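Below is one structure, written out as structure tokens; comments come after it.
The values are calculated or read from the model by the stated rules, or taken from the named source; none is laboratory data. The shown structure was predicted, so the numbers you read here are calculated from the model rather than taken from an experiment. Neighbour counts are summed over all protein chains in view; Cβ atoms, including those assigned to glycine, are modelled from backbone coordinates with ideal geometry. These accessible areas exclude ligands, DNA and RNA; they are computed on the full protein's heavy atoms, side chains included. Shrake-Rupley method; radii C 1.70, N 1.55, O 1.52, S 1.80 Å.
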Amino acid sequence: MKKLLVAAALVLAGGLFVVARSHANDSLLAVGAVAPEVVGTDATGATFKLSAQKGHFAVVYFYPKDETAGCTKEACAFRDASDKFVKAGVTIFAVSRQDEASHKGFREHYHLPFPMVADTTGSVQRAYGVPSVMPGIDIAARVTFLVGPDGKIAHVWPKVDPVVNAKEVLDTVSALTPNKK
């Protein structure tokens, strides 16, 4: 009987998690919303503000945790495409709940050239409406926002494949950029 109760509790908890995740996208900032401020530092210690990127596209991508498999794949995909982002005038902001020391190690380990945001309080995560990977756990879900030159959300990827996200974002920037003649 005890095993049956434990099994029922696990099934119920799993079901609640699925329901919570299915409604998590309901709170994400919508296309057209003004993007909240984001401040990050790069490998040289320089500070970058999202508000200073007006007139250009910017990427604000949330990821669960430094040095984990999926997060490393995503960060390295953005790193490998960073020349293309720079050429397109796009600044990338990588946001997670780890502190600056964790980001510094992650940045150095994988030679990540873009600003990283140490959102230890979760204020940026909440401002963008990004859910946690599981209720009650302070780890952001994997979500990417493209901020347009006007400072408003231009596109949202609520479910991200870390391997192809950077390419999807670049393709969207290309599609949204008027042809320059």
| request: Identify all residues within the range 162-181 that are over 15 Å from LYS87 (Cβ atoms) and open to solvent by less than 30 Å² (accessible area, probe 1.4 Å); write none if there are none. | output: PRO162, ASN165, THR172
| Would you say THR144 is outside any helix (DSSP H, G or I), of a type outside the set (Lys, Arg), open to solvent by 20 Å² or more (accessible area, probe 1.4 Å) and within 25 Å of GLY45 (Cα to Cα)? | no
| note | Flagged pairs (Cβ under 8 angstrom, 6 or more apart or on separate chains; first in the range 136-148, closer than 12 Å to ARG126 by Cα; second buried (at least 22 other Cβ atoms within 10 Å of the Cβ) and basic (Lys, Arg)) are ASP138/ARG97; ILE139/ARG97; ALA140/ARG97
| query | When the residues of the range 160-181 are filtered to those that are touching a residue at least 40 places away in the same chain (Cβ under 8 Å) and in a loop (DSSP other than H, G, I, E, B), which remaining residue is nearest to PHE145 (Cα to Cα)? | reply | VAL160
| query | Among the residues of the range 65-76, is any open to solvent by 70 Å² or more (accessible area, probe 1.4 Å), among the small types (Gly, Ala, Ser), more than 25 Å from THR177 (Cα to Cα) and over 14 Å from the mean Cα position of the chain (by Cα)? | reply | yes
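The rows are residues; the columns are (1) in contact with a strand residue (DSSP E or B) (Cβ under 8 Å, 6 or more places away or on another chain); (2) over 19 Å from THR172 (Cβ atoms); (3) part of a strand (DSSP E or B).
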{"site": "VAL86", "(1), (2), (3)": "no, no, no"}
{"site": "GLY89", "(1), (2), (3)": "no, no, no"}
{"site": "PHE93", "(1), (2), (3)": "yes, no, yes"}
{"site": "GLY105", "(1), (2), (3)": "no, yes, no"}
{"site": "LEU112", "(1), (2), (3)": "yes, yes, no"}
{"site": "ARG126", "(1), (2), (3)": "no, yes, no"}
| message | Just the residues that are under 26 Å from LYS84 (Cα atoms) and surrounded by fewer than 17 Cβ atoms within 10 Å (Cβ to Cβ), please, taken from the range 113-125. | response | PRO113
| query | Residue check: is ALA58 at pLDDT below 95 and surrounded by 17 or more Cβ atoms within 10 Å (Cβ to Cβ)? | reply | no
| said: Let me confirm something: among TYR110, TYR128, which residue is over 25 Å from ALA33 (Cα atoms), open to solvent by less than 80 Å² (accessible area, probe 1.4 Å) and among the hydroxyl-bearing types (Ser, Thr, Tyr)? | reply: TYR110
| note | Here the residues within the range 24-37 that are open to solvent by less than 40 Å² (accessible area, probe 1.4 Å) and modelled with pLDDT under 95 are ALA24
